[in-house]
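The values are calculated or read from the model by the stated rules, or taken from the named source; none is laboratory data. These figures come from a predicted structure and were not determined experimentally. Cβ sites come from the backbone with ideal geometry, for glycine too, and all protein chains shown count toward neighbours. When the accessible area is computed, the model is the full protein with side chains, heavy atoms only, and any ligands, DNA or RNA have been set aside. Shrake-Rupley method; radii C 1.70, N 1.55, O 1.52, S 1.80 Å.
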Amino acid sequence: LSHCIQLNDFAIRRITESCPNLKSLSLSNLNNLSSTALEAIALGCPQLEELNLELCTCFSDDGMTELLMGMPKLFMIVTRFTEPDLKGIQQEVHCSNVVRIFEQFPNTYRERAFDRTRRRMYGMGP
C-alpha cells in the first residue's frame, strides 16, 4: 500500500478488518493518516510482525510507541527527522527499544517534513 497517497484512516480500517492475519504491512510515504489508522492496525491485525512507516510524517511518537507497547511481536521501520535538511534517518523500532531510539534520534523536524509532504501532495510546490 506504500505510496498510495489517497489512502485515509477509513481505508486502513477496512483493510485491517478484512485481513486480520496480516504479518507484514507497508504504509511508507503515506501522510494522509492519523492515530486512528494506528488504532485500526492494533485492533484489526493482532498478528502483525512488520510495519513499514518510512517517510510517514503524520504519526506522533506517542502514537507509534503506544502501538508498539500493545503489540510485542511488532517491529516498525520509521523515519526520524533529526536535522533541518529533512533527509531523515531510517530506524527499526520495537517495544524493547522504542524509548531509547526515539530519545537518541528525536523527531525534531517532523512537523516541517509533514508540511513539505502535504504541499507536494496537493501541488503547492516544494
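Let me spell it out: the conditions are (1) out of contact with any Leu (no Cβ under 7 Å at 6 or more places or on another chain); (2) open to solvent by less than 50 Å² (accessible area, probe 1.4 Å); (3) among the aliphatic types (A, V, I, L, M), and LEU27 meets all of them except one. Which number is the exception?
It fails just one condition, (1).
Taking the conditions exactly as written (hydrophobic (A, V, I, L, M, F, W, C), open to solvent by less than 60 Å² (accessible area, probe 1.4 Å) and part of a helix (DSSP H, G or I)), does ILE77 satisfy them or not?
It is false that ILE77 is hydrophobic (A, V, I, L, M, F, W, C), open to solvent by less than 60 Å² (accessible area, probe 1.4 Å) and part of a helix (DSSP H, G or I).
Give ARG80, ARG110, ARG100 a once-over and let me know the one that is modelled with pLDDT under 90, out of contact with any helix residue (DSSP H, G or I) (no Cβ under 6 Å at 6 or more places or on another chain) and of a type in the set (Lys, Arg).
Answer to the check: ARG110.
Among what's in region 50-63 and is farther than 16 Å from ASN32 by Cα and surrounded by 15 or more Cβ atoms within 10 Å (Cβ to Cβ), pick the residue that is nearest to the chain's Cα centre (by Cα).
Here the residue is LEU51.
So how many residues does region 7-65 have that are of a type in the set (Val, Ile, Thr) and assigned to a loop (DSSP other than H, G, I, E, B)?
Final tally of qualifying residues: 1.
Kindly establish whether ASP9 is free of Cβ contacts under 8 Å to residues at least 24 places away in the same chain, under 28 Å from ARG112 (Cβ atoms) and of a type in the set (Asp, Glu).
no
Looking at GLN47, GLN91, GLN104, can you tell me which residue is surrounded by fewer than 20 Cβ atoms within 10 Å (Cβ to Cβ), touching a strand residue (DSSP E or B) at 6+ places or on another chain (Cβ under 6 Å) and more than 20 Å from ARG119 (Cα to Cα)?
When all the criteria are applied, what remains is GLN91.
Tally the residues that are surrounded by 11 or more Cβ atoms within 10 Å (Cβ to Cβ) and under 18 Å from LEU48 (Cβ atoms), restricting the search to region 5-22.
Within region 5-22, residues that are surrounded by 11 or more Cβ atoms within 10 Å (Cβ to Cβ) and under 18 Å from LEU48 (Cβ atoms) number 12.
Answer yes or no as to whether ARG110 is farther than 15 Å from ASP9 by Cα, in contact with a strand residue (DSSP E or B) (Cβ under 6 Å, 6 or more places away or on another chain) and open to solvent by less than 70 Å² (accessible area, probe 1.4 Å).
Taking the combined requirement at face value, the residue does not satisfy it.
In this structure, does SER35 turn out to be open to solvent by 20 Å² or more (accessible area, probe 1.4 Å), in contact (Cβ under 8 Å) with a residue 12 or more places away in the chain and small (Gly, Ala, Ser)?
The answer is yes for SER35.
Can you tell which of GLU54, GLU50, GLU39 is charged (D, E, K, R) and within 14 Å of ASN107 (Cβ to Cβ)?
Only one candidate passes the filter, namely GLU54.
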